[in-house]
There are 2 protein chains.
Amino acid sequence: MPVTLADVARAAGVSTATASVALNGKAGVSDEVRRRIREIAERMDYRPSSVGRALRRARTGMVGLYMPNTASTFGYYTETTRGVAEALHRHDLSLVILPSSHETGSTEGFPDVDGYILIEPHTHDRGVPAILRQALPVVSGDTPPRGAGTPWGLVESPNDASTRAVFDRFRSRGARRPGLILIERISTWSLDLERTYRTWCGEQGLEPRVALTSARSSNAKLLSDLAEWFAPDGGTDAVLAGGDGIAVRIAGLLRSLGHVVGDSVLLASGVDSPLMEFHTPRITAVDLQPRHFGTVCADLLVELIGTERPSDPVRRLVDAPLIARESG
Amino acid sequence: MPVTLADVARAAGVSTATASVALNGKAGVSDEVRRRIREIAERMDYRPSSVGRALRRARTGMVGLYMPNTASTFGYYTETTRGVAEALHRHDLSLVILPSSHETGSTEGFPDVDGYILIEPHTHDRGVPAILRQALPVVSGDTPPRGAGTPWGLVESPNDASTRAVFDRFRSRGARRPGLILIERISTWSLDLERTYRTWCGEQGLEPRVALTSARSSNAKLLSDLAEWFAPDGGTDAVLAGGDGIAVRIAGLLRSLGHVVGDSVLLASGVDSPLMEFHTPRITAVDLQPRHFGTVCADLLVELIGTERPSDPVRRLVDAPLIARESG
DNA sequence: ACCCGTAACCTAATCGATTAGGTTCACGGA
DNA sequence: TCCGTGAACCTAATCGATTAGGTTACGGGT
């Protein structure tokens, strides 16, 4: 039994209409009455019901966040989520975490929202096209897979530029056989990394070396798989690893193989995190600025809510600087 | 302009009351009419408005999640959030991420929810008492700080038992001067670790060695701080580190100091994660089962919503097994 | 004195779903 | 035949906030 507008109006001896107008700062009430109503509302600790308001305004004030249910990179999603939540809050919107509808591809049971934010939409995730099919504003962080539909807004990181920055740096530090290690090929991000790397290799006259490993295979398995890859002579002498977790893992395996990270083999991570800064040696990484990325997604969605669907997605770019450290 | 119940009713030639009853499977409609209404609703792709329903039922179907805004342990929060979101979804509830009201201590601007879940409530977080003050069901994952208020439900991990398990294991592997490294003293969890460790030291006739470091201080700083702590003779020879990130960090620093992790110094992490499994050497850790923990919190809250406030918090325990690995 | 404009309020409809409380009608029993 | 009963529907109120569209009453202009 929370305090309703009617309670406040009754206490102030006015109609709900007047109370509403007074509290919302609209014209049509005397300053005197407005002051009194405000005071009474304050004293009664009146909080407008978001439900009543939502019904009338045909806006729920909710934004749905959809992310892959495999958290491949560790701090990244937490940071992104926080960034989104805080930015939305500044606009009086709330963030709802949507369950993965990965297999079902159904938005059944999703709450009513004013728009969606998609983070890292994966190619095989059936929930992604289901969301894009709806007539609501969608901002996608990273390009959705082909055929999934077109978002209203698109927030991108310059993956090509940062990938090149990593490999150019490897090259300038004397690497002759740089390689790339990925743990998945289902996000646009990792596909970008691989494509750019292969192009770069072509330009440099190098043979590309791409290893696809699993986030689940054991260290022993991975060690034997990669032993040849990192063989002392003719092996990979610089590697970009997708994800902060995988970079730490590779660093350990390289030590087991007798390598010195940052010296006999250069290492960089495609995703920066505190872990990269505090690893020994500190690991060179691309800072995707997840928190900032989240706020940009949220702010763009806020702009798009209430507008017509644009003919082409509105694009935003979030810088992703290379943080150079000892490892590579 | 989504399809409303009235649209369906009109198309079926019945009143909204009949349509509502038919679609909700309540008695009072003939099977024939029910079938027809269902079919029409299906064909029109009718989705009940959660707002209209919420207004009438005086339930929003939303649960608020409040977490510390410092993500001290990396994958932990993502996992917990997913667990909560999925469990709630099974009960047709949605999860809203609340912004931190750390400094303001105000729930102003929070959306209307049916209950709250607090994860790791920190001692100095003013949002925690603000939430507990409300007349809504709250489930707290970890005990809230003294004076913050009493939650309706409490989900705990056996921190004492798992801390003891770690140090008993250190002891059985020959450690003589085990120590504890924390990065904060504001969560019940870390306070539990420290208290249990000190008690354990008393029982064992050992001098406790607790180091409080910051998640922000540089490796160089930390290395010089800890050099004496880990001195070859008489230094700490086994350490429990709070958090997966900090454990990896300590592992690196120990290597710099000439130690062999798992041999000259034993290392364990208070929080397990894929990182611990894939580090070289693999790091012994307490598995807090964050995903499961999240579902237990959610399920408990669902039980409590709609009931009277219990005189004492309803308690649930989530097991936290020690995952023994090479490091310690 | 009369008219008109306007500030300051109020009445009532509206958003969508649910539900208490009718109304109708068919059928069974006396 | 008449009444009672209950199934099958319907009407209208309700939840809380907003807002279009009145209704007063007061003041200025002529």
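The values are calculated or read from the model by the stated rules, or taken from the named source; none is laboratory data. Since this is a predicted model, take the numbers as computed values, not measurements. Here the Cβ positions follow ideal geometry from the backbone for every residue, glycine too, while neighbour counts run over all protein chains shown.
Residue pairs, Cβ under 9 Å, 6 or more apart or interchain, first in region A:197-221 and within 11 Å of another protein chain (Cβ to nearest Cβ), second in a helix (DSSP H, G or I) and of a type in the set (F, W, Y). List them.
A:A215/B:F278; A:S218/B:F278; A:N219/B:F278
Taking the condition of being more than 14 Å from chain A (Cβ to nearest Cβ) and within 17 Å of the chain's Cα centre (by Cα), how many residues in region B:298-311 meet it?
Keep residues of region B:298-311 that are more than 14 Å from chain A (Cβ to nearest Cβ), which gives B:299-311.
Adding the requirement that they be within 17 Å of the chain's Cα centre (by Cα) leaves B:299-302.
Of the residues in region B:298-311, 4 are more than 14 Å from chain A (Cβ to nearest Cβ) and within 17 Å of the chain's Cα centre (by Cα).
If you take the residues of region A:14-34 that are more than 18 Å from A:D45 (Cα to Cα) and small (G, A, S), which of them is nearest to DNA strand D (Cβ to nearest atom)?
A:A17
Among the numbered criteria (1) more than 13 Å from DNA strand D (Cβ to nearest atom); (2) out of contact with any Asp or Glu (no Cβ under 7 Å at 6 or more places or on another chain), which single criterion is violated by B:G61?
So the condition that B:G61 fails would be (2).
Return only the number of the condition from (1) assigned by TED's automatic domain parsing to the domain that holds A:A135; (2) crowded, with 18+ Cβ neighbours inside 10 Å that A:V271 does not satisfy.
Going through the list (1) assigned by TED's automatic domain parsing to the domain that holds A:A135; (2) crowded, with 18+ Cβ neighbours inside 10 Å, A:V271 breaks only (1).
Okay, residues lined up against (1) free of Cβ contacts under 8 Å to residues at least 24 places away in the same chain; (2) closer than 19 Å to B:G61 by Cβ:
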| position | (1), (2) |
| --- | --- |
| A:L55 | yes, yes |
| A:V63 | no, yes |
| A:P68 | no, no |
| A:Y76 | no, no |
| A:T81 | no, no |
| A:L93 | no, yes |
| A:L98 | no, yes |
| A:E108 | yes, yes |
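Every residue, every condition in (1) within 30 Å of A:F293 (Cβ to Cβ); (2) within 11 Å of DNA strand C (Cβ to nearest atom); (3) assigned by TED's automatic domain parsing to the domain that holds A:D112; (4) at pLDDT 95 or above, yes or no:
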{"position": "A:G25", "(1), (2), (3), (4)": "no, no, no, no"}
{"position": "A:D31", "(1), (2), (3), (4)": "no, yes, no, no"}
{"position": "A:E39", "(1), (2), (3), (4)": "no, no, no, yes"}
{"position": "A:Y66", "(1), (2), (3), (4)": "yes, no, yes, yes"}
{"position": "A:N69", "(1), (2), (3), (4)": "yes, no, yes, no"}
{"position": "A:S72", "(1), (2), (3), (4)": "yes, no, yes, no"}
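B:T4 versus (1) buried (at least 16 other Cβ atoms within 10 Å of the Cβ); (2) within 14 Å of chain A (Cβ to nearest Cβ); (3) away from DNA strand C (no atom under 11 Å from the Cβ): which is the lone unmet condition?
(3)
Looking only at region B:167-185, which residues are buried (at least 19 other Cβ atoms within 10 Å of the Cβ) and part of a loop (DSSP other than H, G, I, E, B)?
If the condition is that a residue be buried (at least 19 other Cβ atoms within 10 Å of the Cβ) and part of a loop (DSSP other than H, G, I, E, B), then B:A175, B:I183, B:E184 are the ones that fit.
In region A:73-108, how many residues are of a type in the set (S, T, Y), more than 8 Å from chain B (Cβ to nearest Cβ) and crowded, with 23+ Cβ neighbours inside 10 Å?
Result for region A:73-108: 3.
If the requirement is being of a type in the set (A, V, I, L, M), facing another protein chain (nearest Cβ under 9 Å) and out of contact with any helix residue (DSSP H, G or I) (no Cβ under 8 Å at 6 or more places or on another chain), which of these qualifies: B:A54, B:A130, B:A135? If you could, list the steps in order and put the result at the bottom.
Working: B:A54 fails: out of contact with any helix residue (DSSP H, G or I) (no Cβ under 8 Å at 6 or more places or on another chain); B:A130 fails: facing another protein chain (nearest Cβ under 9 Å).
Result: B:A135 is the single residue among B:A54, B:A130, B:A135 that is of a type in the set (A, V, I, L, M), facing another protein chain (nearest Cβ under 9 Å) and out of contact with any helix residue (DSSP H, G or I) (no Cβ under 8 Å at 6 or more places or on another chain).
State whether the residues of region B:187-205 include one that is part of a loop (DSSP other than H, G, I, E, B) and out of contact with any strand residue (DSSP E or B) (no Cβ under 6 Å at 6 or more places or on another chain). Before the answer, list the steps.
Pass one, region B:187-205, residues part of a loop (DSSP other than H, G, I, E, B): B:205.
From what's left, out of contact with any strand residue (DSSP E or B) (no Cβ under 6 Å at 6 or more places or on another chain): B:205.
Yes, region B:187-205 contains at least one residue that is part of a loop (DSSP other than H, G, I, E, B) and out of contact with any strand residue (DSSP E or B) (no Cβ under 6 Å at 6 or more places or on another chain).
Would you mind stating whether B:A9 is within 42 Å of the chain's Cα centre (by Cα), over 30 Å from B:L95 (Cβ atoms) and not β-branched (V, I, T)? Talk me through it step by step, then tell me what you get.
On the way: within 42 Å of the chain's Cα centre (by Cα): no; over 30 Å from B:L95 (Cβ atoms): yes; not β-branched (V, I, T): yes.
It is false that B:A9 is within 42 Å of the chain's Cα centre (by Cα), over 30 Å from B:L95 (Cβ atoms) and not β-branched (V, I, T).
Need a quick list: helices (runs of 4 or more DSSP H) entirely within region B:1-97 having at least 1 residues that are more than 26 Å from B:V302 (Cα to Cα).
Values: elements: B:5-12, B:16-23, B:31-44, B:50-57, B:74-90.
Answer list for region B:1-97: B:5-12, B:16-23, B:31-44, B:74-90.
So which residues in region A:302-328 are out of contact with any Pro (no Cβ under 6 Å at 6 or more places or on another chain) and in a helix (DSSP H, G or I), if there are any at all?
Residues satisfying the conditions are A:V302, A:E303.
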